[in-house]
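Please read the structure below before turning to the comments.
The values are calculated or read from the model by the stated rules, or taken from the named source; none is laboratory data. All figures in this text were calculated on a predicted structure; none of them were measured in a lab. Glycine also receives a Cβ, built like all others from the backbone with ideal geometry; neighbour counts cover every protein chain displayed. Just the protein is used for accessible areas: all its heavy atoms, side chains included, with ligands, DNA and RNA removed. Shrake-Rupley method; radii C 1.70, N 1.55, O 1.52, S 1.80 Å.
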Amino acid sequence: MIQTQVADNGMSNGMVGQAITYEKIPTQIYADSKDASRAVAQEIADLIRSKQKEGKNCILGLATGSSPKTVYAQLIKMHREEGLSFRNVVSFNLDEYYPMQPDSIHSYVRFMREQLFDHVDMPKENYFIPDGTVPPAMINDFAQRYDNKINAMGGIDFQLLGIGGNGHIGFNEPGSLINSRTRLMTLDHSTRAATAMEFGGLHNVPKKAITMGVSTIMNAKRVVLLAWGERKATMIRSSVEGPVTELVPASYLQAHPNVAFFVDVRAASELTRVKTPWLVDTVEWNNSMIKKAVTHLSLTLDKPILKLTTKDYNDNGMSDMLAAHGSAYDININVFNQLQHTITGWPGGKPNADDTYRPERAHPAKKRVILFSPHPDDDIISMGGTFQRLVDQGHEVHVAYQTSGNIAVADDEAFRFIDFVVDYNQRFQIESPAAMKIFEDAKAFLKKKKDSEIDTPDVRYVKGLIRRGEAKATCRFVGTEHFHFLDMPFYETGTVQKKPIGTEDVKIIAELIEKVKPHQIYAAGDFADPHGTHKVCWDAIEGALSQLKHKNFMKDCWVWLYRGAWAEWDIHEIEMAVPMSPDQVMKKRMGIFKHQSQKDGVVFQGDDSREFWQRAEERNSGTAHLYDQLGLAEYEAMEAFVRWHF
């Protein structure tokens, strides 16, 4: 039993609250990754300054990946604005792909330079990263020297970690032993699949990496692990609450004397004190908590809500709920009715109807709607059934494609379209030297293109046109001609690594909203990766809404958030559920098929081998099944939404 700090589901910023839990690793839960990253950066800065006062070097163990980026950004900010010096910092990175050239866009040498080293006053001779170019016969010797160098420095003062989807730390994959040292490691398939989007496909991801061992990590004086988003939630629970096992290398940290996990609410969602807080602490039985507890109890016992009994509540730690809010019968009816009221076949509001218990307003009967789609297919994948309903029911639906999505188009697909244009021009005797030059230049570039090379502007533009054409086809299939291609500047780098959100990005969103003056806005609300495109696109929308919130038309504007193809809102969070019939499910599938460049093995497949239509259908049918399990009407599929409030 240890004391940890916890934030409840209702918090808005920072870390709040206290609770006693049976977690085996101190875990600090924050509202979002920015707050957590600031806290970690401050701890590192304090350590650096403390060592400076003692006249000693500060030895840091550093990580790569998306999780620590905001920490590094905060350290750079402290360097520039507060004078934090890195002159006494010596760093050792956890790992590097093998083989890997240091100037490759995938190299961790390049990553660390771009994310930290080139922006602070840390001497170049003070940072060490495993060498991805060392000859195979010399790897063991290199690894030994790497460990010896760390030991000669007196060991690592502060080790920063992320966590893989399979529980790895560094590249210590499942099966790694606690006494393992720096070595060459064969990467697990799930690890390679998770990073496939960065390499433009699984086949480009290296199969091996040099990694600092578990033993070296465990010898660090202080260890901090970062985790953001629901995709990390299962492994966070296994590491923090489960047994120590080589199958989850992060669980070894339970034995470390000075370790802490810094996670956001979504990454903590499977922890007992977050998922079922009434089992470990006294809770405030407000409506949100009651709904969460009752739906969880119903699903756990596999009993419809209306069949739950007083004994069910008492046997599962909810007796104080009954004492505060009456009988099981009354609570059951209340929660059942709340869930029933989320279901609607009229996402834009039902005209001439009593909307007291409906998720959307009846008036105005015909609404102006903006559906923001981060990529050119998120609209149809994530809410295609609702999109169709809105159009069929006579609303003015505008689709705003926030990015071009060009990096998700395979090279051969771009080459095929360029070839088509040239053949078309030749067949109809259209003289176009410019098109021919583009074809020849693209052909020459793609023939010699390296895996780490960025597409030329012309190739990127062609890839963007392919996705734009697919998006138009989808809109016309659904029945709207109101499509807007925003091509937000932050995205157009030609690489997975994007620029920070800028004022121009926000301005583009704000201008569209002010032009349309919508009654409804739909936006992607899946923020699993705080540095992913969906999160950045939402940040731009939120920035625009903040600028416009005082406008008169915004008083009538409601914002609904949808989720992506991989996950859905938890059942107790859903505020609007739009059911679909088998025919509507099939029509949505046909709409997804319009995105031909994303079928049959897409560039950014991730660790899920299914196509997007399969993922979407399983998610939608799963949501419908949950409603059925809870005792409500049985539907073929459902799309779910949560309302965002200004």
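Is at least one residue of the stretch 157-172 open to solvent by 60 Å² or more (accessible area, probe 1.4 Å), under 27 Å from residue 58 (Cα atoms) and at pLDDT 95 or above?
no
Just checking, does the stretch 98-107 include any residue being at pLDDT 95 or above and of a type in the set (Gly, Ala, Ser)?
Within the stretch 98-107, not a single residue is at pLDDT 95 or above and of a type in the set (Gly, Ala, Ser).
Of the conditions (1) crowded, with 22+ Cβ neighbours inside 10 Å; (2) outside any strand (DSSP E or B); (3) among the aliphatic types (A, V, I, L, M), residue 137 fails just one. Which one is it?
Going through the list (1) crowded, with 22+ Cβ neighbours inside 10 Å; (2) outside any strand (DSSP E or B); (3) among the aliphatic types (A, V, I, L, M), residue 137 breaks only (1).
Open to solvent by 20 Å² or more (accessible area, probe 1.4 Å) and modelled with pLDDT of 95 or more: is that true of residue 34 in this structure?
So residue 34 does not fit the description; no.
Just wondering, is there one or more residues in the stretch 497-504 that are out of contact with any Gly (no Cβ under 6 Å at 6 or more places or on another chain), in a loop (DSSP other than H, G, I, E, B) and modelled with pLDDT of 95 or more?
No, the stretch 497-504 contains no residue that is out of contact with any Gly (no Cβ under 6 Å at 6 or more places or on another chain), in a loop (DSSP other than H, G, I, E, B) and modelled with pLDDT of 95 or more.
What's the number of the condition residue 480 fails, among (1) open to solvent by 40 Å² or more (accessible area, probe 1.4 Å); (2) of a type outside the set (Lys, Arg); (3) at pLDDT 95 or above; (4) not in a helix (DSSP H, G or I)?
So residue 480 meets the others, but not (1).
Mind checking which helices (runs of 4 or more DSSP H) fall wholly inside the stretch 245-346 and carry at least 3 residues that are out of contact with any strand residue (DSSP E or B) (no Cβ under 9 Å at 6 or more places or on another chain), surrounded by fewer than 18 Cβ atoms within 10 Å (Cβ to Cβ) and among the hydrophobic types (A, V, I, L, M, F, W, C)?
319-325
Please give the number of the condition residue 193 fails out of (1) crowded, with 19+ Cβ neighbours inside 10 Å; (2) of a type outside the set (D, E, K, R); (3) within 22 Å of residue 230 (Cα to Cα).
(1)
Taking the conditions exactly as written (surrounded by 22 or more Cβ atoms within 10 Å (Cβ to Cβ), of a type outside the set (Gly, Ala, Ser) and either more than 26 Å from the chain's Cα centre (by Cα) or over 27 Å from residue 41 (Cα atoms) (or both)), does residue 185 satisfy them or not?
So residue 185 passes the test.
Would you mention how many residues in the stretch 227-244 are among the β-branched types (Val, Ile, Thr) and open to solvent by 40 Å² or more (accessible area, probe 1.4 Å)?
Count: 2.
So which residues in the stretch 581-598 are out of contact with any Lys or Arg (no Cβ under 7 Å at 6 or more places or on another chain) and open to solvent by less than 30 Å² (accessible area, probe 1.4 Å), if there are any at all?
585, 588, 591, 592, 595, 598
Specify which of the listed residues (69, 77, 124, 149) is open to solvent by 40 Å² or more (accessible area, probe 1.4 Å) and closer than 30 Å to residue 233 by Cβ.
Of the residues listed, the single one that is open to solvent by 40 Å² or more (accessible area, probe 1.4 Å) and closer than 30 Å to residue 233 by Cβ is 77.
Residue-wise test of (1) over 22 Å from residue 534 (Cα atoms); (2) touching a Pro at 6+ places or on another chain (Cβ under 8 Å); (3) basic (Lys, Arg); (4) open to solvent by less than 30 Å² (accessible area, probe 1.4 Å).
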residue	(1), (2), (3), (4)
437	yes, no, yes, no
443	yes, no, yes, no
469	no, no, no, no
501	no, no, no, no
506	no, no, no, yes
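Would you point out which residue out of 432, 382 is over 26 Å from residue 476 (Cα atoms), among the polar types (S, T, N, Q) and open to solvent by less than 70 Å² (accessible area, probe 1.4 Å)?
Selected residue: 432, the only one of 432, 382 that is over 26 Å from residue 476 (Cα atoms), among the polar types (S, T, N, Q) and open to solvent by less than 70 Å² (accessible area, probe 1.4 Å).
Taking the stretch 80-99, which residues are crowded, with 19+ Cβ neighbours inside 10 Å and either aromatic (Phe, Trp, Tyr) or in a loop (DSSP other than H, G, I, E, B) (or both)?
84, 86, 92, 94, 97, 98
Please tell me if residue 461 is in contact (Cβ under 8 Å) with a residue 40 or more places away in the chain and under 30 Å from residue 645 (Cα atoms).
The answer is no for residue 461.
Looking at this structure, is residue 221 assigned to a helix (DSSP H, G or I) and touching a residue at least 24 places away in the same chain (Cβ under 8 Å)?
Considered against the rule, which asks whether it is assigned to a helix (DSSP H, G or I) and touching a residue at least 24 places away in the same chain (Cβ under 8 Å), residue 221 comes out as no.
Give just the number: which of (1) in contact with a helix residue (DSSP H, G or I) (Cβ under 8 Å, 6 or more places away or on another chain); (2) at pLDDT 90 or above; (3) open to solvent by 70 Å² or more (accessible area, probe 1.4 Å); (4) outside any helix (DSSP H, G or I) does residue 451 not satisfy?
Of the numbered conditions (1) in contact with a helix residue (DSSP H, G or I) (Cβ under 8 Å, 6 or more places away or on another chain); (2) at pLDDT 90 or above; (3) open to solvent by 70 Å² or more (accessible area, probe 1.4 Å); (4) outside any helix (DSSP H, G or I), the odd one out for residue 451 is (2).
Between a residue in the stretch 56-82 that is without any contact (Cβ under 8 Å) to a residue 40 or more places away in the chain and within 21 Å of residue 220 (Cβ to Cβ) and any residue that is among the basic types (Lys, Arg) and surrounded by fewer than 21 Cβ atoms within 10 Å (Cβ to Cβ), which pairs come within a Cβ distance under 6 Å, given they are 6 or more apart or on different chains?
Pairs that qualify, where the first residue is without any contact (Cβ under 8 Å) to a residue 40 or more places away in the chain and within 21 Å of residue 220 (Cβ to Cβ) and the partner is among the basic types (Lys, Arg) and surrounded by fewer than 21 Cβ atoms within 10 Å (Cβ to Cβ), are 74/38.
Can you report the number of residues in the stretch 347-371 which are under 25 Å from residue 563 (Cα atoms), surrounded by fewer than 18 Cβ atoms within 10 Å (Cβ to Cβ) and among the β-branched types (Val, Ile, Thr)?
0
For the subset of the stretch 243-285 comprising residues that are touching a Ser or Thr at 6+ places or on another chain (Cβ under 8 Å), of a type in the set (Val, Ile, Thr) and in contact (Cβ under 8 Å) with a residue 24 or more places away in the chain, which member is nearest to residue 180 (Cα to Cα)?
Per the criteria, the residue is 248.
What are the residues in the stretch 100-121 that are open to solvent by less than 20 Å² (accessible area, probe 1.4 Å) and without any contact (Cβ under 8 Å) to a residue 24 or more places away in the chain, if any?
117
What number of residues within the stretch 397-444 are in a loop (DSSP other than H, G, I, E, B) and in contact with a helix residue (DSSP H, G or I) (Cβ under 6 Å, 6 or more places away or on another chain)?
Residues in the stretch 397-444 being in a loop (DSSP other than H, G, I, E, B) and in contact with a helix residue (DSSP H, G or I) (Cβ under 6 Å, 6 or more places away or on another chain): 6 in total.
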